[in-house]
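Beneath this line is the structure, given in structure tokens, with notes to follow.
None of the figures in this text is laboratory data; all of them are computed from the coordinates on show. In this text the structure is predicted, and so the values were computed from the model without any measurement. Glycine gets a Cβ as well: all are built from the backbone with ideal geometry, and neighbour counts include every protein chain shown.
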Amino acid sequence: MKVRFEDLGRTFEGQPDQLLLELCLDHGVDMEAACGGFAACNTCRVRVIEGELTPLDPVEQPFLDRADQRLGCQARLIGDVRLRLDPGEA
Ligand code: FES
């Protein structure tokens, strides 16, 4: 499945159920993870332009400002998706 970062102009091949943060780390994408991936910050935040990720986990909600945002350390791949990095303040 294809993961396109529109802000970076790059597309990567992801695996089903792969964590977005893991995909970024594997490909050298500069996704920060200030809390270590424990859904306790918003530095890993992305905005979904098109496509779907696994359903929103309630632990993400406090760190999201918009309905199209997700945390890269919680969202997993289920199909092709187009995104942009949208980190909050650490
Ligand atoms: S790395 Fe902190 S919420 Fe994802």
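Scoring residue 33 on the criteria (1) in contact (Cβ under 8 Å) with a residue 24 or more places away in the chain; (2) within 12 Å of the ligand (Cβ to nearest atom); (3) touching a strand residue (DSSP E or B) at 6+ places or on another chain (Cβ under 9 Å) leaves a single failure, condition (3). Every residue in segment 1-14 that is part of a loop (DSSP other than H, G, I, E, B) and either touching a Lys or Arg at 6+ places or on another chain (Cβ under 9 Å) or not small (Gly, Ala, Ser) (or both), please. Hits for segment 1-14 are 1, 6, 7, 8, 14. When residue 34 is tested against (1) part of a loop (DSSP other than H, G, I, E, B); (2) closer than 15 Å to residue 81 by Cα; (3) more than 13 Å from the chain's Cα centre (by Cα), only condition (2) is not met. With respect to (1) more than 13 Å from the ligand (Cβ to nearest atom); (2) surrounded by 17 or more Cβ atoms within 10 Å (Cβ to Cβ); (3) not aliphatic (A, V, I, L, M), the lone exception for residue 51 is condition (2). From the list 17, 26, 80, the lone residue that is surrounded by 12 or more Cβ atoms within 10 Å (Cβ to Cβ), charged (D, E, K, R) and either at positive phi or part of a helix (DSSP H, G or I) (or both) is 26.
Checked against (1) of a type in the set (Gly, Ala, Ser); (2) in contact (Cβ under 8 Å) with a residue 12 or more places away in the chain; (3) more than 9 Å from the ligand (Cβ to nearest atom), residue 9 meets all criteria but (2).
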